[in-house]
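The values are calculated or read from the model by the stated rules, or taken from the named source; none is laboratory data. All values derive from a computational prediction rather than experimental measurement. Positions of Cβ are generated from backbone atoms using ideal geometry, with glycine treated the same way; all protein chains shown enter the neighbour counts.
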Amino acid sequence: MPIAPTETRRLTSGEDVDAHRHDDHQLIYSSSGVLEVMVESGTWFTPSNRAVWVPGGTEHRWRVHGATRVHLVGVPARRKRPWGHEPAPVLVDPLFRELLIACSETGPAVSPEQRRMLAVLIDRIRPAPEPATMVPVLRDARLREVQAVLESDMTSSLTLGELGRRIGVGERTLSRLFHDTVGMGFTVWRTQLRLHRAGLLLAQGRTVTQAAAACGFSSPSAFIVAFQAAFGRTPGSLYR
């Protein structure tokens, strides 16, 4: 497998990188625009105060929305994983942001100075404290039908029972499937789906009010509360 690159890329909205993997771990971060990082288990989406940690050997691809500057930092596989073997969101505070950008712009850590800077960056990796902001892959065909109905009209307020009647599956069965195969309840999953879509719309220049209405939030304030719970910041402070 190839070595994970350390570099900065400037991309236009809609550009993507095909599925690949590398021996090294990697931090992926967008200092502008929105980045979707897609792995086997689901899709992470990241505003400018989140990065994604991708462990070595993990197949992943990514796509950008809006004019995006993507920062990639390869972390040698011999380095201890910050946690587990799964991709995870990383908190990006002001110091971590500047370190990550500096590491990506100076290239692979070859010189003593670069290696010291990378060591500090790795030491400051912290998991994002808010609930996960990944839209998981739905492996059950019945749940994929639910997702298809909702994605065809993100403004829909259909309950799980109403969705079940639409596709011919009982509400209790669907509820159990969400908990057993997705690891979360339907309401939490739908909120993450809506936040994901709203984040992409904001990156494309839509206002908070427009994104909230297009994604089924009852009001802009309800959207702001949900977004802040997920990312620790209001959408207006991250998308300007």
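In the stretch 196-218, the count of residues that are among the hydroxyl-bearing types (Ser, Thr, Tyr) and part of a loop (DSSP other than H, G, I, E, B) is one or more. The listed residues are Glu105, Glu113, and the only one of them that is surrounded by fewer than 18 Cβ atoms within 10 Å (Cβ to Cβ), touching a helix residue (DSSP H, G or I) at 6+ places or on another chain (Cβ under 9 Å) and within 29 Å of Pro5 (Cα to Cα) turns out to be Glu113. Looking at this structure, is Leu72 surrounded by 14 or more Cβ atoms within 10 Å (Cβ to Cβ), free of Cβ contacts under 8 Å to residues at least 12 places away in the same chain and of a type outside the set (Val, Ile, Thr)? Judged against the criteria, Leu72 is not a match. Of all residues in the stretch 179-188, those satisfying the criterion of being within 15 Å of Ala229 (Cβ to Cβ) and in a helix (DSSP H, G or I) are Thr187, Val188. Is it the case that Val149 is surrounded by fewer than 19 Cβ atoms within 10 Å (Cβ to Cβ), of a type in the set (Val, Ile, Thr) and outside the structural domain of Arg233 (by TED's automatic domain parsing)? So Val149 does not fit the description; no. The set of residues from the stretch 173-200 being aliphatic (A, V, I, L, M) and at pLDDT 90 or above comprises Leu174, Leu177, Val182, Met184, Val188, Leu193, Leu195, Ala198.
Please determine whether any residue of the stretch 20-33 is under 14 Å from the mean Cα position of the chain (by Cα), of a type outside the set (Val, Ile, Thr), surrounded by fewer than 23 Cβ atoms within 10 Å (Cβ to Cβ) and modelled with pLDDT of 90 or more. Yes, the stretch 20-33 has at least one match.
Which ones in the stretch 145-175 are closer than 22 Å to Thr43 by Cα, of a type outside the set (Gly, Ala, Ser) and part of a helix (DSSP H, G or I)? Residues satisfying the conditions are Glu145, Val146, Gln147, Val149, Leu150, Glu151, Leu174. For the stretch 118-177, which positions are in contact with a Lys or Arg (Cβ under 8 Å, 6 or more places away or on another chain) and over 23 Å from Arg197 (Cβ atoms)? Within the stretch 118-177, Ile122, Val169, Thr173 meet the criteria.
A residue that is in the same structural domain as Cys103 (by TED's automatic domain parsing) and more than 16 Å from the chain's Cα centre (by Cα) occurs nowhere in the stretch 34-49. Reported count of residues in the stretch 220-234, each being hydroxyl-bearing (Ser, Thr, Tyr) and farther than 22 Å from Val92 by Cβ, is 1. For first residues located in the stretch 53-66 and closer than 26 Å to Ser32 by Cβ, partners that are of a type in the set (Ser, Thr, Tyr) and lie 6+ apart or on another chain with Cβ distances below 8 Å form the pairs Val64/Thr12; Val64/Ser13; Val64/Ser30; His65/Ser13; Gly66/Ser13; Gly66/Ser32. Among the residues making up the stretch 2-32, none is charged (D, E, K, R), touching a residue at least 60 places away in the same chain (Cβ under 8 Å) and part of a loop (DSSP other than H, G, I, E, B).
The residues listed here are Ser156, Ser221, Ser175; of these, the one that is of a type outside the set (Asp, Glu) and exposed (fewer than 13 other Cβ atoms within 10 Å of the Cβ) is Ser221.
Against the list (1) more than 30 Å from Gly216 (Cβ to Cβ); (2) within 19 Å of the chain's Cα centre (by Cα), the condition Glu86 fails is (1). Scanning the stretch 202-214 for residues that are of a type outside the set (Val, Ile, Thr) and either assigned by TED's automatic domain parsing to the domain that holds Pro47 or surrounded by fewer than 21 Cβ atoms within 10 Å (Cβ to Cβ) (or both) yields Gln204, Gly205, Arg206, Gln210, Ala213, Ala214.
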